[in-house]
Amino acid sequence: TVAAFDSFRFVIKGSLAGAAVYMAYDQGLLGSGTQGAEALRKAQAALPPAIQEWTSYLGWEVRAAQLPPTPKFDFSPSDSWNKGVQTVMSALSVAPTRACEYTVEGWKYVKDLVK
């Protein structure tokens with residue numbers, strides 16, 4: 001029964017992960033930077049009404065003045081993506097040189113230990 005329970009947990013976790021990936025894809029988060037920025041704008045617009053709906057569903061009385069303001073993001077996914085790509089490519093371009101340097105330092109360290 002333990003194996004069946006573990007299998008059941010694996011199926012549930014896999015289903016939740018698959019649903020999360022599908023939702024991210026469906027909302028455009030896995031697309032281009034423009035699609036990601038548009039998805040972020042939609043989320044910012046949908047957040048206050050969703051909070052109001054949930055508070056009324058739960059029976060909490062919340063006035064608009066009591067809610068904290070929605071955080072404003074000054075964030076460009078395409079700029080961040082481009083900066084990330086440039087950083088990775090820069091690291092890859094110096095990797096052979098650094099590998100040689102670290103190898104030489106490693107051999108020096110080993111030779112000093114053997115002396």
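The values are calculated or read from the model by the stated rules, or taken from the named source; none is laboratory data. Fair warning: this is a prediction, and the values are worked out from it, not measured in the lab. Neighbour counts are summed over all protein chains in view; Cβ atoms, including those assigned to glycine, are modelled from backbone coordinates with ideal geometry. The area values use the complete protein model at the heavy-atom level, side chains included, leaving out ligands, DNA and RNA. Shrake-Rupley method; radii C 1.70, N 1.55, O 1.52, S 1.80 Å.
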Exercise. Hey, does region 47-56 have a residue that's under 21 Å from residue 80 (Cβ atoms) and open to solvent by 80 Å² or more (accessible area, probe 1.4 Å)?
Worked result: no
Problem set entry | Meets criteria (at pLDDT below 70 and open to solvent by 60 Å² or more (accessible area, probe 1.4 Å)) for residue 74 | yes
For this session: Tell me, please, whether a residue that is surrounded by 10 or more Cβ atoms within 10 Å (Cβ to Cβ) and either modelled with pLDDT of 80 or more or part of a helix (DSSP H, G or I) (or both) can be found in region 58-71.
Result: no
Problem set entry | Contacts under 9 angstrom Cβ, first residue in region 16-30 being among the hydroxyl-bearing types (Ser, Thr, Tyr), partner surrounded by 10 or more Cβ atoms within 10 Å (Cβ to Cβ), 6 or more apart | 25/31
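Out of the residues in region 84-115 that are in a helix (DSSP H, G or I) and among the basic types (Lys, Arg), which is nearest to residue 32 (Cα to Cα)?
Kept after step one, since they are in a helix (DSSP H, G or I), are these residues of region 84-115: 84-114.
Filter once more, keeping what is among the basic types (Lys, Arg): 98, 108, 111.
Working: 98: 33, 108: 47, 111: 51 Å.
Ranking the qualifying residues of region 84-115, first place goes to 98.
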